[in-house]
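Below is one structure; the comments refer to it alone.
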Amino acid sequence: MKKLLFNKQFIVFAFFILVFSSCTTKDVPVPQPQDTLPDFSQKPGIFILNEGIFQWGNGSIDFWSPKIPKLYHDIFKAVNERATGDVVQFMTIIGNKAWIIVNNSGLIEIVDLKSFNSLLSLSNFSSPRYLLMSSNNKIYVSDLYRPVIYVLDTLGNKLKEISLQRTAEQLIEAEGKIWALNWSSYGGYDNTGITLINPLSDQAESYIRLSKEPNSAVIDKYGHIWVLCSGGFMHEENPALWKLGKNGEIYQKFEFTDQGDYPTHLEINPGGDTLYYLNRDIYALSVEHPGLPGQKLIEAQERNFYGFSAGSVLLISDALNYQTRGKVYVYSRKGLPIDTLIAGIIPGHFCRNE
């Protein structure tokens, strides 16, 4: 039986899967005919990654651009005539290609960005999660179940595995180091900090101990690294926002104190001076005066905010009941509503081409 315990979607939504398991999902986006598809490399372009229901294999990718008056559904299937896979987790653009991580399928799909034609499918990963293209043209991939970072070249060939003492999730690059956030405690691994990796030697060099579940990190205009920790899925600790120096030195720790706080999706504006995060609602705070909780920018009200991304506009996904098509709300950076999009099942992540 596949190990499920610490898969994010399984943990959060097991209850909903049990409740709705007798239902069938009829409201599935219909892929567009190939001759009606646009140039997916156009800017600005937003790719919506719909995870799909865990183990159902119905993850998908949608495409939206403010230049086009429509949303294109399930574009990978429309172009390649096969499903994207089980839990579409992450996507990033590298040159004229898009690299797509399909977590529970253990796959990385490489597609031509303009046409979305599949160029290569990489397998033999345990449970890939996030992917980073470093400044030295190597690709680093984290894994949920294994305490390693995979190192690939730009053609998708595996170069090596970097052994860690813990599993990792999100990856960023700062000051010539790869910062691997140790989010998952799957298998008893320590999930209270960040592993710093030297991309020249591809060795883990040091470890920064923070709070439980560091889930997201950004770099501000001064080069400071901000790390958001949820405090643990079972609320073992108070969540915290940490401000770190370029070399990992700890400057400040800001704690959340309200019972039930579970902040995620730390983002930053293009100017690097405003932080955003999701904690039921969307909050904003200045890097100059980062007192928590900050300004409540967008209230969830009765909506089920799940994913979030900040850029030229703010994108917020609504997973609804985790069984039917979700929604994506488009807001200005000042919190003014712009549009509402009907996405696929469990829209969770976004990839921007801006």
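Since every read-out is calculated from the coordinates, none of them should be taken as a lab result. Nothing here was measured: the structure is a model prediction, and the numbers come from that model. Heads up, the Cβs are rebuilt from the backbone with ideal geometry, glycines too, and the neighbour counts pull from every protein chain shown.
Details
- Across all directions, the average flat footprint of the convex hull enclosing the Cα atoms of the chain is 16.7 nm².
- Residue 82 paired with residue 296, simple spin-label distance in nm, labels 7 Å along Cα-to-beta-carbon: 4.8
- Put a dot 7 Å past the Cα of residue 157, heading toward its Cβ, do the same for residue 70, and the two dots end up 4.3 nm apart.
- Of 77/243; 160/212; 70/97; 246/327; 67/327, pairs whose Cα-Cα distance is over 31 Å: 77/243; 246/327
- Estimated at 0.36 nm per residue, the fully extended path between residue 114 and residue 273 surpasses their Cα-Cα distance by 54.0 nm.
- Subtracting the Cα-Cα distance of residue 233 and residue 286 from their residue separation scaled by 0.36 nm leaves 16.4 nm.
- Peptides 345-351, 107-113, 328-334 ranked from most to least packed by the mean count of surrounding Cβ atoms within 10 Å: 345-351, 107-113, 328-334.
- Think of it as helices only: each DSSP H run of n ≥ 4 in the chain is worth -39500 (n - 2.57), and spread over all residues that comes to -1500 deg cm²/dmol at 222 nm.
- Loop-located GluC sites (Glu not before Pro) in the range 207-299, at most 12 other Cβ atoms within 10 Å (DSSP): 249, 288, 299
- Rg(Cα) / (2.2 N^0.38 Å) computed for the range 42-132, rounded to two decimals: 1.02
- Residues 62, 281, 318, 273 arranged by fewest to most Cβ contacts within 10 Å: 273, 281, 318, 62
- Residues of the range 334-354 with an amide N closer than 17 Å to a point placed 7 Å from the Cα of residue 42 along the Cα-to-Cβ direction: 352-354.
- Cβ-to-Cβ counts within 10 Å put 159, 292, 266 in ascending order as 159, 292, 266, the fewest first.
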